[in-house]
Every structure is written in C-alpha cells, then in structure tokens.
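Let me begin by presenting the structure, written as structure tokens, before commenting on it.
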C-alpha cells in the first residue's frame, strides 16, 4: 500500500464489536448458556429479552447479522428438536409468526431468513440450547462491507431496538412483554 493509498483509506469505527472480541476470550462463566443465564435473571433489558412466554423466550441477538435479528428459544435448556414438547414447538412457531408480523410493522423488511443450526458443525454458536433465528432482510442489504471489510453495518443500538420491540409487543397486548 502506498503512502497515498494509506492516507485516503476510509475507516469504519464499530467500537461495540469489541464486546464480541472480548467475549470470545472472557473467563468461563458458571452457566455457559447465555439463554439460561438471561432467563434466570430479572433484568430483561440487560439480557436483551423482549418477550417471555410460558414455554419460550424472544431475545435480541447480541451480535446481529442485521438490525432486528432475534432468537426464539425454549425456556428449558434442550439441545435437539426431538427433546421439545409439542407445546414448546407450537409456541415457538407461533412466536416466529407473530414476530415476523410485528417486524413487518416496525421495519418493513423485504423478507426474512428464518432458521436454526443444530450442532457446532452446522454453525450453532450455542449448540446446547436449540434456538431459531429471525433475520430481517432488505433488497440490497448485502453489500461490499461483509466481503471486503469483514464488517456489518447495524443502524440501531441493541438497547434502542429492544425498547422499541418491547413497546410494540406491549401495544399488541402480548402478555409478558
């Protein structure tokens, strides 16, 4: 790289990513499952829990692919789909449906990626607690940033989005929101 190129290079500052980098090197916690830890605590805002249901929970992804990236998980630590009760399975599917409708109102995405990864080799960052991802998508949201800069641009803080989602859930009369 020439001196000229170095002085013209743009920099994207993303200081919140340091939490992700440091989390990978942090000391192991008593309960390594962040979902179970969050469910045990009362501070839903700090744990990014948006909706507690009888059999499941909605939590914001702390390291999202896109703004509005949510996780839906059973309230009990279960690693496989076969371990879920019919009530848990039904409630989580109903929750996914409800959340896509609410995100449609809030953010008007053009589509969604909805899925789950079972096992570390399938990409599960938390292989012991099954969970679904809801990732809102917009036409043109895939650009050069992840490819060239290995960075994603998230347009809203997690705290602001959490507050907005909880307000929307509450206005829809969702109990426990």
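Within segment 160-171, track down each residue that is at pLDDT below 90 and surrounded by 12 or more Cβ atoms within 10 Å (Cβ to Cβ). Step through it out loud before you land on a result.
Going residue by residue through segment 160-171, those that are at pLDDT below 90 are 160-161.
Correct list: 161 only.
Of 125, 140, all but one fail to be farther than 18 Å from residue 33 by Cα, modelled with pLDDT under 80 and in a loop (DSSP other than H, G, I, E, B); the exception is 140.
Screening residue 99 against (1) in contact (Cβ under 8 Å) with a residue 24 or more places away in the chain; (2) in a helix (DSSP H, G or I); (3) surrounded by 12 or more Cβ atoms within 10 Å (Cβ to Cβ); (4) more than 18 Å from the chain's Cα centre (by Cα) leaves a single unmet condition, (4).
Out of 116, 81, 60, 35, one residue alone is within 18 Å of residue 162 (Cβ to Cβ) and out of contact with any helix residue (DSSP H, G or I) (no Cβ under 7 Å at 6 or more places or on another chain). It is 35. Going through segment 55-74 one residue at a time, which ones are touching a residue at least 40 places away in the same chain (Cβ under 8 Å) and not in a strand (DSSP E or B)? Of everything in segment 55-74, those that are touching a residue at least 40 places away in the same chain (Cβ under 8 Å) and not in a strand (DSSP E or B) turn out to be 61, 62, 63, 64, 65, 66, 67, 68, 69. For segment 75-96: of the residues being assigned to a helix (DSSP H, G or I) and touching a residue at least 40 places away in the same chain (Cβ under 8 Å), which is farthest from the chain's Cα centre (by Cα)? Among those that are assigned to a helix (DSSP H, G or I) and touching a residue at least 40 places away in the same chain (Cβ under 8 Å), it is 83.
The values are calculated or read from the model by the stated rules, or taken from the named source; none is laboratory data. Model, not experiment: these values are computed from the prediction. Reconstructed Cβ throughout: ideal geometry from the backbone, glycine too, with neighbour counts over all protein chains shown.
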